[in-house]
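Have a look at the structure below, then the notes.
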Amino acid sequence: QVQLVESGGGLVQAGGSLRLSCAASGSIISINIMGWYRQVPGKQRELVAHITSGGKVNYADSVKGRFIISRDNAKNTVYLQMNSLKPDDTAAYYCNVEASSLGSYYQLFDYWGQGTQVTVSS
C-alpha cells in the first residue's frame, strides 16, 4: 500500500505564495509520475502540474509561469511552489502519485492524497 500525506495549504492574499508538499510512504517499489490536481466544488478536477521520474514537467496553461513543480526522489516527496496566486487558484489541491508497490505486484497504480485547501483572497 501507498499513503500520501499533503501539507502546505492555507489562506493567502492575491499575489502571495504557498508551497505544497506531498510525501509518499508505504511498501513502495518505484514511483513514476507525481503530480497535483485541483478541484472547485461543482467543477471537474483538473491537472495543475505533474513531473516524471526523470524530471520532465507539464503545467496547465493557467499556471504556467507562476507555479513550479519539483520532487525529491530520496524522500518520495513532490512539491508545488505557487507564486503570484490569484483568486481563481482557490481550490482543493490533491496530490497524485503513480507508483508500484508490493501490494500491487509491481504494477503501476494511481494513489491520491487527502486534499489540502488553498484559498486566495482579494
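Looking at ILE29, ILE33 in this structure, which one is part of a strand (DSSP E or B), open to solvent by 60 Å² or more (accessible area, probe 1.4 Å) and either out of contact with any Gly (no Cβ under 8 Å at 6 or more places or on another chain) or more than 17 Å from ASN83 (Cα to Cα) (or both)? Break it down into steps so the answer makes sense when it comes.
Numbers: ILE33 fails: open to solvent by 60 Å² or more (accessible area, probe 1.4 Å).
Checking each option against the conditions leaves just ILE29.
I'd like the residue in the range 78-117 that is open to solvent by less than 10 Å² (accessible area, probe 1.4 Å) and of a type in the set (Ser, Thr, Tyr) and, out of all such residues, is modelled with the highest pLDDT.
Selected residue: TYR93.
Count, please, the residues in the range 68-121 that happen to be over 19 Å from ARG19 (Cα atoms) and among the polar types (S, T, N, Q).
4
Search the range 41-76 for residues being surrounded by fewer than 18 Cβ atoms within 10 Å (Cβ to Cβ) and in contact with a helix residue (DSSP H, G or I) (Cβ under 9 Å, 6 or more places away or on another chain), and hand back the single one that is nearest to VAL5 (Cα to Cα).
ARG66
Answer yes or no: is there a residue in the range 4-21 that is of a type in the set (D, E, K, R), in a strand (DSSP E or B) and open to solvent by 40 Å² or more (accessible area, probe 1.4 Å).
Here is the first cut: in the range 4-21, the residues of a type in the set (D, E, K, R) are 6, 19.
Pick out the ones that are also in a strand (DSSP E or B) and you get 6, 19.
Narrowing the set further to residues that are open to solvent by 40 Å² or more (accessible area, probe 1.4 Å) leaves 19.
Yes - at least one qualifying residue is present in the range 4-21.
Looking for something on the phi > 0 side of the Ramachandran plot, polar (S, T, N, Q) and part of a loop (DSSP other than H, G, I, E, B) - is there at least one such residue anywhere in the range 95-108? Outline the logic, then answer.
Filtering the range 95-108 down to residues on the phi > 0 side of the Ramachandran plot leaves 105-106.
Right, trim to polar (S, T, N, Q) and you get none.
Among the residues of the range 95-108, not one is on the phi > 0 side of the Ramachandran plot, polar (S, T, N, Q) and part of a loop (DSSP other than H, G, I, E, B), which makes the answer no.
The values are calculated or read from the model by the stated rules, or taken from the named source; none is laboratory data. Everything numeric in this text was worked out from a predicted model, so none of it was measured. Here Cβ is always computed from backbone atoms with ideal geometry, including for glycine, and neighbour counts include all displayed protein chains. Side chains included, ligands, DNA and RNA excluded: accessible areas come from the protein's heavy atoms. Shrake-Rupley method; radii C 1.70, N 1.55, O 1.52, S 1.80 Å.
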